[in-house]
Amino acid sequence: MTIIVSEEIRQRCPEFTGAAVIAAVQNSEHDSTLWAEIESFITDYRQRYTVDSIKEMPSIEATRTAYRLCGKDPSRYRPSGEALVRRTLKGNDLYQVSTLVDLINLASIAYGYSIGGFDFDKIAFQSDEDPHLTLGIGREGEAYEGIGRGPLNIAGLPVYRDAIGGIGTPTSDHERTKLSIETTRLLAIVNGYDGNRSNVLACAQFIQELLCKYADSDGGQILEF
């Protein structure tokens, strides 16, 4: 598959760089070893950073800038990477959802990027010969149901679209393509608006490592775009 970055994104966010992990996986409701790693990471993370540190994190600040350039207030529609970091540094526990979601959240906190996690088999491609997603900007009145949020106004948000419509924004992914216990193929997309391609790739590789450890996967492949 391919991911097409639209001209409207390129014009507003010329520093954007992305990486996608596509992998065969086995999901589970909970993995105690993964959670031990998450808790150890968070303990160290809280010793090194405070909430005030967020404004010094390039991956988060660049995403906030991208929101403004696309027409959205990042304080009202907070990017998920920032929301996870804020929750962690305020001393709140992370939600336990499933192994795939939990490991993506760990990678998001570690690198500060908003990461979309999708069930690959729920994505509607235009054709088998040309499977692709397009990254554009949400339009006024565009229907979108955020996971656990209901209808979400995505006008002015960066959005990935398949043949049916939007499936993911940095604020929330869509209910239609969300991960479940039955998911056997994962698509994880790292959104880097800071122009740091090597860091975006390192984040994708970290996801691969976590998949190998906790999701009975060989890590799959990385698509850079």
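Of the numbered conditions (1) under 28 Å from S217 (Cβ atoms); (2) touching an Asp or Glu at 6+ places or on another chain (Cβ under 8 Å); (3) crowded, with 23+ Cβ neighbours inside 10 Å; (4) among the hydrophobic types (A, V, I, L, M, F, W, C), I189 fails exactly one; give the number of that condition.
(2)
So which of T17, T65, T50 ends up being touching a Gly at 6+ places or on another chain (Cβ under 6 Å) and either of a type in the set (S, T, N, Q) or at pLDDT 95 or above (or both)?
Only one candidate qualifies: T17.
Run down D44, D31 and say which single residue is surrounded by 16 or more Cβ atoms within 10 Å (Cβ to Cβ), at negative phi and of a type in the set (D, E, K, R).
Exactly one of D44, D31 is surrounded by 16 or more Cβ atoms within 10 Å (Cβ to Cβ), at negative phi and of a type in the set (D, E, K, R), namely D31.
Yes/no matrix, rows are residues, columns are (1) in contact with a strand residue (DSSP E or B) (Cβ under 6 Å, 6 or more places away or on another chain); (2) more than 21 Å from T177 (Cβ to Cβ); (3) of a type outside the set (G, A, S):
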residue: R48; (1), (2), (3): no, yes, yes
residue: P58; (1), (2), (3): no, yes, yes
residue: G71; (1), (2), (3): no, yes, no
residue: R87; (1), (2), (3): no, yes, yes
residue: V97; (1), (2), (3): no, no, yes
residue: D121; (1), (2), (3): yes, no, yes
residue: S127; (1), (2), (3): no, no, no
residue: G138; (1), (2), (3): yes, no, no
residue: R149; (1), (2), (3): no, no, yes
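Would you be able to tell me the number of residues in the range 50-87 that are open to solvent by 80 Å² or more (accessible area, probe 1.4 Å) and either in contact with a Pro (Cβ under 8 Å, 6 or more places away or on another chain) or among the aromatic types (F, W, Y) (or both)?
1
Residues to consider are S180, S114, S127, S108; find the one that is open to solvent by 10 Å² or more (accessible area, probe 1.4 Å), modelled with pLDDT of 95 or more and among the small types (G, A, S).
Only one candidate qualifies: S180.
Out of the residues in the range 192-215 that are among the charged types (D, E, K, R) and over 15 Å from D102 (Cα atoms), which is most open to solvent (accessible area, probe 1.4 Å)?
The selected residue is R197.
The values are calculated or read from the model by the stated rules, or taken from the named source; none is laboratory data. Remember, predicted model here, so these are calculated numbers, not experimental data. Backbone-built Cβ (ideal geometry, glycine too); neighbour counts: all protein chains shown. Heads up: the accessible areas ignore ligands, DNA and RNA and are worked out on the full protein's heavy atoms, side chains in. Shrake-Rupley method; radii C 1.70, N 1.55, O 1.52, S 1.80 Å.
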